[in-house]
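Contents: one structure, followed by commentary.
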Amino acid sequence: MTTRTGNAKVSRRTLLVGGLAAGSLLPAGAASARVKLSQAAVRFHAPSGDGRDCRSCKLFVAPAGCLFVEGANDPSGSCWIWSRKTA
Ligand code: SF4
């Protein structure tokens, strides 16, 4: 499939290759930069005693952090996006 943009014919392949090339021009580390959610957004709360705490969540980063929630540094806390750790 080709698409006409201005006077040039552009194929999907050209767009894909161009997009990949542009992505490789990002500064090192930019791809791994991640915006974290606030504790309020995920309703972070104190331990509830149901076993669904940060330590049993697959998003937990030992010793006291979270991949997606900013400032979640109480391993006994929990939140709305808790997800069971497997294996
Ligand atoms: S329960 Fe919430 S804050 Fe805790 S590790 Fe999981 S996602 Fe992060």
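The values are calculated or read from the model by the stated rules, or taken from the named source; none is laboratory data. These numbers come from a predicted model, not from an experiment. Note: ideal-geometry Cβ built from the backbone for every residue, glycine included; neighbour counts use all protein chains shown.
The table for this structure:
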{"read-out": "Residues of the range 60-70 classified as near the ligand (Cβ under 9 Å from one of its atoms) and part of a loop (DSSP other than H, G, I, E, B), total", "value": "2"}
{"read-out": "Residue selected from the range 36-52 under the condition touching an Asp or Glu at 6+ places or on another chain (Cβ under 9 Å) and closer than 17 Å to Arg84 by Cα, by the criterion nearest to the ligand (Cβ to nearest atom)", "value": "Phe44"}
{"read-out": "Scan of the range 53-65 for residues that are small (Gly, Ala, Ser) and closer than 10 Å to Ser83 by Cα, ordered by number", "value": "Ser56"}
{"read-out": "Inter-residue pairs, beta-carbon under 8 Å, first more than 9 Å from Cys79 (Cβ to Cβ) and in the range 38-63, second among the acidic types (Asp, Glu) and modelled with pLDDT under 95, 6+ apart", "value": "Ala46/Asp74"}
{"read-out": "Sole residue being of a type in the set (D, E, K, R) and surrounded by fewer than 14 Cβ atoms within 10 Å (Cβ to Cβ), chosen from Asp50, Asp74", "value": "Asp50"}
